[in-house]
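First comes the structure, then the notes that go with it.
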Amino acid sequence: MPTERDVALYRTMARIRAFENAAEEASRGSVAAFGASLSRSNVRGPLHLSTGQEAVPAGVCIHLEKTDFLTSTHRGHGHTLAKGASMERMMCELFGRASGTNRGKGGSMHIADFSVGMLGANGVVADGMPIAVGAAHAVKIRGEKRIVACFFGDGAINRGPFLEALNWAAVHRLRVLFVCEDNRWSATTPTDAMTAGEGALARARAIGVPGEAVDGNDVFAVDGAAGELLAKIRKGDGPQFLHAITYRFKGHVSVDAAAYRDKREVARALENDPLKIAEGRLASATVKRILEEAQAEVARAVAAAEAAPWPAPGEAYEDVQDAGSGRWR
Amino acid sequence: VALTTYAAASCAALRRELARDPNVVVVGEDVGRGGVFQQYKGLQQEFGAARVIDTPISEATIVGAAVGMALAGLRPVVEMRVVDFALCAIDEIVNQAAKARYMFGGQGRVPMVARLPTGLWSGSAAQHSQSLEAWFAHIPGLVVVAPATPQDNYSLLNAALECGDPVIYMEHKELWGLEGEVTEEKGELGRARVLREGRDATLVTWSRTVHAALEAAQKAPMSVEVIDLRTLWPWDRETVLSSARKTRNLLVVHEAVQVGGFGAEIAATVAEETGAKVKRLGAPRVPVGYSTPLEDEARVTAERILLALEKL
């Protein structure tokens with residue numbers, strides 16, 4: 001018998017999938033890159049989809065309270081939704097509208113919802129890691145019990161902030177769960193081809209951050225592994241590391257057809273769809289209902305975003321800085 | 001009113017704020033021992049290692065963590081030792097600290113004061129002697145402060161701590177031992193100080209070259225008004241423009257390399273707005289050499305300022 005938790009995990013994944021599909025649809029021609037040409041689209045600029053990676057945010061974030069913190073990456077819609085942000089306000093943000101989570105100032109790459117502890121996606125690979133560590137350091141200084149979930153990709157382990165942030169978290173025994181959401185691709189380059197040694201988890205262990213690897217397409221496995229690691233963090237064992245191995249269904253950005261990938265590799269990955277895996281535990285009627293609800297929710301979000309007001313041009317000068325915000329001269 | 005040094009004045013300002021607000025923390029290398037310039041002397045003993053935090057040599061994460069602390073509600077003071085090392089954290093300063101408030105639509109703010117000691121420092125050569133204030137003044141979201149006196153290092157550090165947005169706070173490494181009287185005078189970001197009134201020429205400068213400029217002005221054959229800009233962003237346009245309208249001649253002086261320096265921004269603005277004659281004096285576009293004769297070639301001195309004034 002599927003439990004309420006199984007259903008909740010699946011619902012989160014279904015909502016992320018529906019959001020990503022709708023965002024992809026709204027981003028056709030969003031940016032001139034990867035051979036695609038620019039056309040008028042509701043979602044502009046580079047849109048990094050997490051389609052296929054839904055089990056990682058779903059399985060981790062089911063353990064988090066609203067007051068816990070989360071930092072994310074340029075591929076951050078799933079983390080933001082799973083942390084509890086409103087789908088409608090997120091879609092408004094992607095559409096650049098005033099009612100967006102960031103009032104239209106961030107878009108997909110900087111999406112954030114501080115009201116649910118989501119401290120921001122990030123346009124620079126690995127840059128969320130020091131920020132997560134700082135938030136966790138603040139938690140320590142104030143004697144709070146919050147957890148910080150720090151999501152990053154496999155490409156991030158080759159940047160300096162990966163080493164710095166893990167070392168800092170270990171030295172100060174901070175309450176951080178580092179989650180390497182390993183989709184095997186660094187933009188258009190296979191990460192394995194650019195990564196020496198034993199990979200993410202071995203590097204973490206060498207720095208003094210223990211952890212485990214998990215099938216990142218099995219939401220129940222992610223849930224279980226994240227639960228164990230978070231229990232250790234809550235017990236005071238210091239930061240922990242979850243290496244969740246998954247696969248990026250889409251290209252680097254939505255207009256990237258990713259034709260550089262081996263077709264068999266992609267076919268195998270599509271067979272290994274995290275939603276399909278989870279559906280094995282659920283009644284088909286439940287699956288149908290959840291997918292329909294997610295579809296309906298995202299349709300409402302898109303309709304709301306299309307109807308939402310644009311920011312006034314003067315908003316460009318707000319929230320720059322109190323002393324010396326610029327203007328045309 | 002007390003006689004104190006430039007370093008001790010900043011330490012006193014920080015001590016006051018640490019005592020006033022438990023959310024203020026200090027983050028950086030060697031701050032527990034007082035910092036290499038003793039500008040944190042005694043603070044860890046007084047406020048504890050949990051708030052005056054010694055860190056690894058991880059500049060990117062010192063600033064990145066400060067951003068995270070700030071977004072979580074703290075008010076971090078960041079130590080970078082010298083501005084040259086802050087280049088290891090330029091991404092975190094420019095892409096994270098300066099942008100967070102704006103790109104998150106005002107959901108979070110980064111009330112961080114990053115101390116980036118600047119300038120020549122007795123034979124410290126090419127990687128410990130730079131003046132890079134123009135880099136930071138170029139970036140929307142940052143406030144840039146460069147105090148020249150103990151009083152300003154007290155008052156402006158207090159103002160920076162109260163600012164609420166990221167401040168690049170640039171103390172000059174040859175001024176740490178400078179003594180002066182310090183009162184509780186309130187500092188104001190974006191307010192220059194006219195140090196000397198004059199009729200024939202306006203000399204605008206900041207940081208160490210303020211002192212060279214005063215010396216030059218005293219020796220100059222004409223009547224020179226000397227303005228210490230104190231804050232580069234925002235800068236005090238009104239004070240500078242009204243002085244230039246009066247004297248019709250502007251010389252802007254800085255220790256930074258002249259090419260692309262912040263003096264160009266001031267000179268251009270004065271020329272556009274007042275039609276006054278403008279001239280710049282900054283270091284030649286060469287790295288700072290180690291050997292004294294080489295270092296001196298990059299040093300803006302009272303003599304060089306006098307020559308520039310004569311050419312106005």
*Evaluate the charge dipole of the protein assembly as shown about its Cα centre and quote only its size in Debye, nearest 20, assuming +1 on the Cβ of each Lys and Arg and -1 on the Cβ of each Asp and Glu.*
640 debye
*Residue (of A:Ile233, A:Leu119, A:His63) at the positive-pole extreme of chain A, dipole from beta-carbon charges*: A:Leu119
*Set Lys and Arg Cβ to +1 and Asp and Glu Cβ to -1, take the dipole of the protein assembly as shown about its Cα centre, and tell me which of B:Gln44, A:Ser108, A:Gly216 lies farthest positive.*
A:Ser108
*asked:* Output wanted: per-residue J couplings in Hz (rounded whole) for segment A:57-64, from phi through Karplus 6.51 cos²θ - 1.76 cosθ + 1.60, θ = phi - 60°, x for Gly and Pro.
replied: x, 4, x, 7, 6, 5, 8, 9
*Cα centroids of segment B:199-223 and segment A:294-329: how far apart, whole angstrom?*
48 Å
*What dipole magnitude, in Debye to the nearest 20, does segment B:260-312 give about its Cα centre under +1 on Lys/Arg Cβ and -1 on Asp/Glu Cβ?*
120 debye
*B:Arg196's amide H: which non-local residues (gap 5+, or another chain) put their own amide H closer than 5 Å, with H modeled 1.01 Å from N in plane and none for Pro or chain starts?*
B:Val226
*Answer rounded, prolate or oblate for chain A, using the Cα gyration tensor with square roots of eigenvalues a ≥ b ≥ c: rounded when a/c is under 1.5, else prolate when a/b is larger than b/c, else oblate.*
rounded
*Where in segment A:1-21 is the amide nitrogen less than 18 Å from a point lying 7 Å along the Cα-to-Cβ axis of A:Ser284?*
A:1-2
*asked:* Probe of 1.4 angstrom, ligands and nucleic acids ignored: what's the accessible area per residue over segment A:33-83, in square angstrom?
replied: 34 Å²
*Once you sort the root eigenvalues of the Cα gyration tensor of segment B:102-186 as a ≥ b ≥ c, which label holds: rounded (a/c under 1.5), prolate (a/b larger than b/c) or oblate (the other case)?*
oblate
*Pop out the ³J(HN,Hα) list for segment B:17-26 in order, Karplus 6.51 cos²θ - 1.76 cosθ + 1.60 with θ = phi - 60°, rounded to Hz; leave Gly and Pro as x.*
6, 4, 6, 7, 10, x, 7, 7, 9, 10
*Nearest-5 percent of antiparallel DSSP beta bridges in segment B:163-278?*
25 percent
*Tally the DSSP beta bridges in the protein assembly as shown and give the antiparallel ones as a percent, rounded to 5.*
20 percent
*May I ask for the distance between the Cα centers of segment B:26-70 and segment B:258-309, given as a whole number of Å?*
34 Å
*Name the longest site-free stretch of chain B, where the excluded sites are trypsin sites (Lys or Arg not before Pro) in a DSSP loop with no more than 13 other beta-carbon atoms within 10 Å.*
B:1-185
*Report the one residue of B:Met80, B:Leu157, B:Gly106 whose Cα lies farthest in the direction of the positive end of the charge dipole of segment B:53-176 (charges on C-beta: Lys and Arg +1, Asp and Glu -1; origin at the Cα centre).*
B:Gly106
_Probe 1.4 Å, accessible area per residue of segment B:1-156, Å²_ = 29 Å²
*Of the heavy-atom accessible surface of chain B (probe 1.4 angstrom), what whole percent is carbon and sulfur?*
53 percent
*Using a simple spin-label model with points 7 Å from Cα along the Cα→Cβ vector, what separation in nm is obtained for B:Asp200 and B:Thr183?*
3.2 nm
_Accessible area buried between chains B and A, both sides summed, probe 1.4 Å, in Å² to nearest 100_ = 3500 Å²
*Would you mind pulling out the separation of the Cα centroids of segment B:1-24 and segment A:36-76, in Å?*
44 Å
_Near-label residues of segment A:228-247 by backbone N, under 20 Å of a point 7 Å along Cα→Cβ of A:Ala267_ = A:247
*Report A:His137's accessible area, 1.4 Å probe, all protein chains in place, as a number in Å² to the nearest 10.*
10 Å²
*Share, in percent, of DSSP beta bridges within chain B that are antiparallel, nearest 5*: 20 percent
*Potential lengthening between B:Asp54 and B:Lys219 on full extension [0.36 nm per residue; Cα-Cα distance subtracted]*: 54.7 nm
*Could you give me the ³J(HN,Hα) list for segment A:48-55, computed from phi with Karplus coefficients 6.51, -1.76, 1.60 and θ = phi - 60°, whole Hz, x at Gly and Pro?*
9, 8, 9, 3, x, 10, 4, 5
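The values are calculated or read from the model by the stated rules, or taken from the named source; none is laboratory data. In this text the structure is predicted, and so the values were computed from the model without any measurement. Using ideal geometry, Cβ is built from the backbone for each residue, glycine included, and neighbour counts are taken over all protein chains shown. Remember, those area values only see protein heavy atoms, side chains included, never the ligands or the DNA or RNA. Shrake-Rupley method; radii C 1.70, N 1.55, O 1.52, S 1.80 Å.
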